[in-house]
There are 2 protein chains.
Amino acid sequence: MNKFTITFYPDNKKVEVTEETTVLAAAISAGVYINSTCGGDGVCGRCKVIIRKGAVTTQPTGRLTIEERKKGMYLACLTVVHSDAEIEILPESRLDFEHLSEHDSALRLKGLFAPAEDVEIEASDRVSSIFSFIPVTLKFYLELSAPTLEDSVSDLDRLYREIRKVKKETMSLETSLSNIRKLGELLRLAEWKVTVTLFRKGGITEIVLIEPGDTSCKNYGLAFDVGTTTISGRLVNLQNKHVIGTKAVYNKQATFGSDVISRIVYAQQEDGLEKMHHAVIDSMNEIIRDLTSEHAVDLNDVTCVACSGNTTMLHLLLRIDPTYIRREPYIPTVNSFPAMRALESGIKINPRGVLVCVPGVASYVGGDVTAGVLSSGLYREEALSVLIDIGTNGEVVVGNKEFMISSAASAGPAFEGSGVASGMRASRGAIQRVEISSEWEVRYETIGAGRPRGICGSGYIDTISQLLTRGIIDRSGKIIDRDHRRIRVGEMGREFIVAFKEESETGNDIIITEADIENLKRAKAAIYSSVHILLKHLNFDFSDVHKFFIAGGFGTYLDIDHAVTIGLLPDMDKSKFVFLGNSSLAGTCLVLLSREALVKSDEIAGKITYFELSVDSNYMDEYMSALFFPHTDLSRFPNVKYAV
Amino acid sequence: MNKFTITFYPDNKKVEVTEETTVLAAAISAGVYINSTCGGDGVCGRCKVIIRKGAVTTQPTGRLTIEERKKGMYLACLTVVHSDAEIEILPESRLDFEHLSEHDSALRLKGLFAPAEDVEIEASDRVSSIFSFIPVTLKFYLELSAPTLEDSVSDLDRLYREIRKVKKETMSLETSLSNIRKLGELLRLAEWKVTVTLFRKGGITEIVLIEPGDTSCKNYGLAFDVGTTTISGRLVNLQNKHVIGTKAVYNKQATFGSDVISRIVYAQQEDGLEKMHHAVIDSMNEIIRDLTSEHAVDLNDVTCVACSGNTTMLHLLLRIDPTYIRREPYIPTVNSFPAMRALESGIKINPRGVLVCVPGVASYVGGDVTAGVLSSGLYREEALSVLIDIGTNGEVVVGNKEFMISSAASAGPAFEGSGVASGMRASRGAIQRVEISSEWEVRYETIGAGRPRGICGSGYIDTISQLLTRGIIDRSGKIIDRDHRRIRVGEMGREFIVAFKEESETGNDIIITEADIENLKRAKAAIYSSVHILLKHLNFDFSDVHKFFIAGGFGTYLDIDHAVTIGLLPDMDKSKFVFLGNSSLAGTCLVLLSREALVKSDEIAGKITYFELSVDSNYMDEYMSALFFPHTDLSRFPNVKYAV
């Protein structure tokens, strides 16, 4: 079979491929990450590339305009190479890993939401007030007495004896053969002064590391929220609880599809699981490398990683086949992941460092939700509370300290800026606030205050709310038929121009299409109706809800009135809403900093029951009723008034 | 540097070496094991080879006779090659791994000692009577219910739930990532019918294996006694306690020295530890391969190996530096070895199979002694008892169920046939019983009833006893000055010919030299005086001893009267002596078959205190007094009468 060399620009990365390889597959092999919401099915039209040189064949697609085709654009997933080629990946097709971190600082500067530090400080405080500060991996310094003929216990027993003495506890201790192999010389060279790193697992305490001298001040851990779209990591000093830095990158798995279902499907391809596993591990290792090098932390001093994520993400992270998550009756292989060496998963910290994962509840209610419940304190509430986590999936928990019930709402990634025409994550250049005047003039605010590049979740909520308020769309989401410079007709129906190409950074109009509105409507309907069904199942309604926690990346900036206006949130007393931000990351931080929180997360996951919406006879009716703005039943939203 | 090829015969094994490589080192590289009691110091004269072809240089040595030199013999350790060479290893220089197994069956046929089966049956019985039969690794079959939308716990939780249900126990369960990775598909392909292998470690029960279908009838384990000179292994069916076979081979480490001290010294050479580690692992894997293939047992069905051995042997087995065992204050790195995957040590059974080691007491009182105490039942005795284990080292335990005290006697390998002129292990052709008439005619009995090849431990005890009885040696061990065809003068003093070359299989006289007698005298003195000192330390004497257990390879055939005559055993009521055979192997079998025995072995090791003889002011006096036959103080041996 012929072999060709493809060079990808602007990365200038080369890869050798065989004939019949798609450009998307070649890019994956080359380690170049192309946006592909549909996972290579030719549906989303995100993977646009320009063929600079080389022979290719492609398939017809409605996802490229005639203008784009004239510019030499192709969809990477539908295009096959037949010679050496030079291919340029368009900016909008690239998975851009840098912007998220910028975004992080940009938002902090603008003070638009509780900055990461606040959440972090809160987590640290909670560790003191609710959970004891005993990190998952605990370092401490020991001075052993040297052996004598009279005191001739073995080196290992001497170490064990001192640990028990210092900890004032008859613990069951163990360590690995590799530690034992170096122990004799290490103890003597260190003149019996060593630092041990302990990790408790079940009834056994493992000595993870034995280091010469006093290194107890150098002990770091990372908390990760592994999202379908975004991976966030936080570096913490385990000796004093201080947060050192936080960083987020796109999950490189986005190349293989934007939601968990397309990822599970991709996993069934040859090497599919392996590739996605490496993509997520690469993303995590990037964060680790960046945070540690930025803050001059030695990787060997990082002794623990705590992870949360939805069940599919954690399966992929650990290279566990997620196939059965998607097949009825939707069974994950594992909800409670065993603690292990981080190295076993490919995560690069100290080779003997530990990885713990926050346990999940079910196939579609993962450890991220458990971490959210832990972080929100819902599990301690006396009164009935609700938690919604809006990410690529939507999850709902209803309960209090007595009981908790959960369900998954197939929200889709629309609120994360995926699957919508001008959608983007809440990063630099994202339109995050929108106001539309009665004259249809649009005022917006972008993250970083520069030219707009797209619209993020909160921007969409504002936009739809304003479109409704101004009567530009009707309650079903259709754009009215009016001749106006902001309304145009595209291939998929009418479109509303939020920002003209003259204003934008990309040189393209930033728009919202009827298809986008349909997408967003479905997402809000799924979440609203899920909460409603759970409450109903328990014989409650929204008036019984005491606190309504909102988690998820976009929740850090959200106009509640607008969210109620579109029917995403119920029409209730605003004081009941509590923003959590990334509660999964915050909860994982708690776990990292406190063994008690880790134990509590197990309890929480065990206590939350899972409610399968698809088997509830009322769910589909309820969902259909929510496919209007704000809802078919207007009596549920007495305070919402539209122009039309 | 020049490179040469050496071919070793009769193995016909080739190896490439650089100039200045000794023949002994080349043989080690080639995987040819040459006897070398002194570990290559040119002292023992055991490593005789014939250079058939090639240029060599050698050093002068008194260990080769002029006749031998004429035949082209060299000592492998003192000889360096300077060209390609062909080298023949003499039969007596070879570490002969085959004879021990032959010996095993030969002895059984002759019924000379409790055959292996008896010991094995005893072990099995004891498992039923004293310890519950719960093997270290336990297999059992499960039929899980298939998941439904109503019963949607994860695959792993489903498995855990069923195990807890069947075992009627809320145990803390865990399994490895690799098992979890294959779990989803395995459970479904097996239609939810699987066999699990459990291993309990501390408070946690690990699922070692998950196999499709019912494989519970296929569960095997191996018990090993890793001796300095001999390694014995026993294959056991863990489902029904049946012993399947026993096999012994020489420890290939003998190439590096005959006793633990020379091995520890060798370990400090470059790659020394690595080489010895591989030698012992090779020896063990040979036994495993032979036993499993002979009995058609699949290696994957072997789920556990239990090991005992002296502290140095277990350090080398696990590639732990033994340096500090030899340096005052004689501290081993580890006495209680953690359970681990057998694979971590290099032992080849099921890759997920488990290795447990019987814990030791001190640097010179190892797990073999703990296993012996376990097997003998000394730890349960009401009355004062003694256990001596005579191998390459001698160990002594004195105590009962209230207390136990132990010490190490530097006996040396003389009773194992090493370090004595015609010495050999108790294998085919070994003279094991000797009678000398008043006319100095020698009647002997060999193992296998064929022509003699050498003398084993019990043969030496008989010989010395008879030499004393007939007045051929005096109480200091000197051969009397008389002109007799059985007495000759060699390089190292007088020698007594036990069998003439015409009778022998090797064509050489089989002799006992004054140096041999001195060696054996020192060994018996060390053991006797150790027991005496321990008793004295506790304010007891031999008359207080209720039972006197004798363990060790040679103890399976031993004439007690003769052993008392030479002063190895005290002169006491014969009914108090109990032969244990290889009590280390028997005890290790108990551990393999019963978790309770494993726990008990920990208790025993923790309870036995170690007494360092070298710091006791009386020991040297007592030892010196024992350097006569039977003892300087004849009043201690009232029943022993010599001719002279």
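The values are calculated or read from the model by the stated rules, or taken from the named source; none is laboratory data. None of the values given here were measured: they were computed from a predicted structure. Note: ideal-geometry Cβ built from the backbone for every residue, glycine included; neighbour counts use all protein chains shown. Keep in mind that these areas ignore ligands, DNA and RNA; they rest on the heavy atoms of the full protein, side chains included. Shrake-Rupley method; radii C 1.70, N 1.55, O 1.52, S 1.80 Å.
Would you confirm whether or not the stretch A:382-393 contains a residue that is within 30 Å of A:Pro329 (Cα to Cα) and open to solvent by 30 Å² or more (accessible area, probe 1.4 Å)?
For the stretch A:382-393, residues within 30 Å of A:Pro329 (Cα to Cα) and open to solvent by 30 Å² or more (accessible area, probe 1.4 Å): present.
Among the residues in the stretch A:620-632, are any surrounded by 18 or more Cβ atoms within 10 Å (Cβ to Cβ), among the hydroxyl-bearing types (Ser, Thr, Tyr) and within 14 Å of chain B (Cβ to nearest Cβ)?
no
Report every pair of residues separated by at least 6 positions or lying on different chains whose Cβ atoms are under 8 Å apart, first residue within the stretch A:327-340 and more than 7 Å from chain B (Cβ to nearest Cβ) and of a type outside the set (Ser, Thr, Tyr), second in a loop (DSSP other than H, G, I, E, B) and open to solvent by less than 30 Å² (accessible area, probe 1.4 Å).
As it stands, the answer is A:Phe337/A:Leu318; A:Phe337/A:Pro359, since those pairs meet every condition given.
Tell me which of these A:Ile288 doesn't satisfy, since it passes every other one: (1) among the hydrophobic types (A, V, I, L, M, F, W, C); (2) open to solvent by 10 Å² or more (accessible area, probe 1.4 Å); (3) in contact (Cβ under 8 Å) with a residue 40 or more places away in the chain.
The one condition A:Ile288 does not meet is (2).
For A:Thr137, all conditions in the list (1) within 14 Å of chain B (Cβ to nearest Cβ); (2) buried (at least 21 other Cβ atoms within 10 Å of the Cβ); (3) in contact (Cβ under 8 Å) with a residue 24 or more places away in the chain hold save one; what is the number of the exception?
Exception for A:Thr137: condition (1).
Among the residues of the stretch B:341-379, count how many are away from every other protein chain (no Cβ under 12 Å) and either touching a Phe, Trp or Tyr at 6+ places or on another chain (Cβ under 6 Å) or at positive phi (or both).
4
For the stretch B:555-582, enumerate the residues that are at pLDDT 90 or above and open to solvent by less than 10 Å² (accessible area, probe 1.4 Å).
Across the stretch B:555-582, the qualifying residues are B:Ala563, B:Val564, B:Ile566, B:Gly567, B:Leu568, B:Leu569, B:Pro570.
So in the stretch B:419-445, with the set limited to residues that are open to solvent by less than 20 Å² (accessible area, probe 1.4 Å) and part of a loop (DSSP other than H, G, I, E, B), which one is modelled with the highest pLDDT?
B:Trp440
Would you be able to tell me the number of residues in the stretch A:446-457 that are at pLDDT 90 or above and in contact with a strand residue (DSSP E or B) (Cβ under 7 Å, 6 or more places away or on another chain)?
Here the count works out to 5.
Exactly one of (1) under 19 Å from the mean Cα position of the chain (by Cα); (2) of a type in the set (Val, Ile, Thr); (3) open to solvent by 10 Å² or more (accessible area, probe 1.4 Å) is unmet by B:Val297. Its number?
(1)
Please determine whether any residue of the stretch B:339-357 is open to solvent by less than 10 Å² (accessible area, probe 1.4 Å), closer than 16 Å to B:Ala409 by Cα and either part of a helix (DSSP H, G or I) or not acidic (Asp, Glu) (or both).
The answer is no, given that none of the residues of the stretch B:339-357 is open to solvent by less than 10 Å² (accessible area, probe 1.4 Å), closer than 16 Å to B:Ala409 by Cα and either part of a helix (DSSP H, G or I) or not acidic (Asp, Glu) (or both).
Across the stretch A:374-407, which residue is modelled with the lowest pLDDT among those that are outside any strand (DSSP E or B), of a type outside the set (S, T, N, Q) and in contact with a helix residue (DSSP H, G or I) (Cβ under 7 Å, 6 or more places away or on another chain)? Talk me through it step by step, then tell me what you get.
In the first step, residues of the stretch A:374-407 are kept if they are outside any strand (DSSP E or B); the result is A:374-384, A:391-393, A:400-403.
Imposing the further condition that a residue be of a type outside the set (S, T, N, Q) reduces the set to A:374, A:377-384, A:391, A:401-403.
After this cut, where a residue has to be in contact with a helix residue (DSSP H, G or I) (Cβ under 7 Å, 6 or more places away or on another chain) as well, the list is A:374, A:379, A:384, A:391, A:401.
Working: A:Leu374: 96, A:Tyr379: 96, A:Leu384: 97, A:Gly391: 79, A:Lys401: 96.
Here the answer is A:Gly391.
Mind checking whether some residue in the stretch B:513-536 is assigned to a loop (DSSP other than H, G, I, E, B) and open to solvent by 30 Å² or more (accessible area, probe 1.4 Å)?
no
Quick one: is B:Val226 open to solvent by 20 Å² or more (accessible area, probe 1.4 Å), closer than 30 Å to B:Arg327 by Cβ and away from every other protein chain (no Cβ under 14 Å)? Give the derivation first.
Values: open to solvent by 20 Å² or more (accessible area, probe 1.4 Å): no; closer than 30 Å to B:Arg327 by Cβ: yes; away from every other protein chain (no Cβ under 14 Å): yes.
Here the answer is no, as B:Val226 does not meet what is asked.
Consider the stretch B:205-218. How many of its residues are open to solvent by 20 Å² or more (accessible area, probe 1.4 Å), assigned to a strand (DSSP E or B) and of a type in the set (Val, Ile, Thr)?
Here the count works out to 0.
Looking for something without any contact (Cβ under 8 Å) to a residue 40 or more places away in the chain, over 19 Å from B:Gly377 (Cα atoms) and among the hydroxyl-bearing types (Ser, Thr, Tyr) - is there at least one such residue anywhere in the stretch B:538-558?
Yes, the conditions are met somewhere in the stretch B:538-558.
Do the conditions hold for A:Gly221, that is, is it surrounded by fewer than 23 Cβ atoms within 10 Å (Cβ to Cβ) and either of a type in the set (Gly, Ala, Ser) or in the same structural domain as A:Gly353 (by TED's automatic domain parsing) (or both)?
Spelling it out, it is not the case that A:Gly221 is surrounded by fewer than 23 Cβ atoms within 10 Å (Cβ to Cβ) and either of a type in the set (Gly, Ala, Ser) or in the same structural domain as A:Gly353 (by TED's automatic domain parsing) (or both).
Is it the case, given these coordinates, that A:Thr469 is under 30 Å from the mean Cα position of the chain (by Cα) and of a type outside the set (Gly, Ala, Ser)? Give the derivation first.
On the way: under 30 Å from the mean Cα position of the chain (by Cα): no; of a type outside the set (Gly, Ala, Ser): yes.
No: the conditions fail for A:Thr469.
Taking the criterion of being charged (D, E, K, R) and under 21 Å from the mean Cα position of the chain (by Cα), would at least one residue in the stretch A:401-408 satisfy it?
No, there is no match, as no residue in the stretch A:401-408 is charged (D, E, K, R) and under 21 Å from the mean Cα position of the chain (by Cα).
Among the residues in the stretch A:254-276, are any touching an Asp or Glu at 6+ places or on another chain (Cβ under 7 Å) and either at pLDDT below 90 or within 11 Å of A:Cys589 (Cα to Cα) (or both)? Full working, then the answer.
Residues of the stretch A:254-276 that are touching an Asp or Glu at 6+ places or on another chain (Cβ under 7 Å), as a first pass: A:267, A:273.
From what is left, the residues that are either at pLDDT below 90 or within 11 Å of A:Cys589 (Cα to Cα) (or both) are none.
Taking every residue of the stretch A:254-276 in turn, none turns out to be touching an Asp or Glu at 6+ places or on another chain (Cβ under 7 Å) and either at pLDDT below 90 or within 11 Å of A:Cys589 (Cα to Cα) (or both).
Please pick out the residue among B:Gly450, B:Gly372 that is open to solvent by 30 Å² or more (accessible area, probe 1.4 Å) and touching a residue at least 40 places away in the same chain (Cβ under 8 Å). Reasoning before the result, please.
On the way: B:Gly372 fails: open to solvent by 30 Å² or more (accessible area, probe 1.4 Å).
Exactly one of B:Gly450, B:Gly372 is open to solvent by 30 Å² or more (accessible area, probe 1.4 Å) and touching a residue at least 40 places away in the same chain (Cβ under 8 Å), namely B:Gly450.
State the number of residues belonging to the stretch A:145-190 that are part of a loop (DSSP other than H, G, I, E, B), more than 10 Å from every other protein chain (Cβ to nearest Cβ) and open to solvent by 20 Å² or more (accessible area, probe 1.4 Å).
Number of matching residues: 4.
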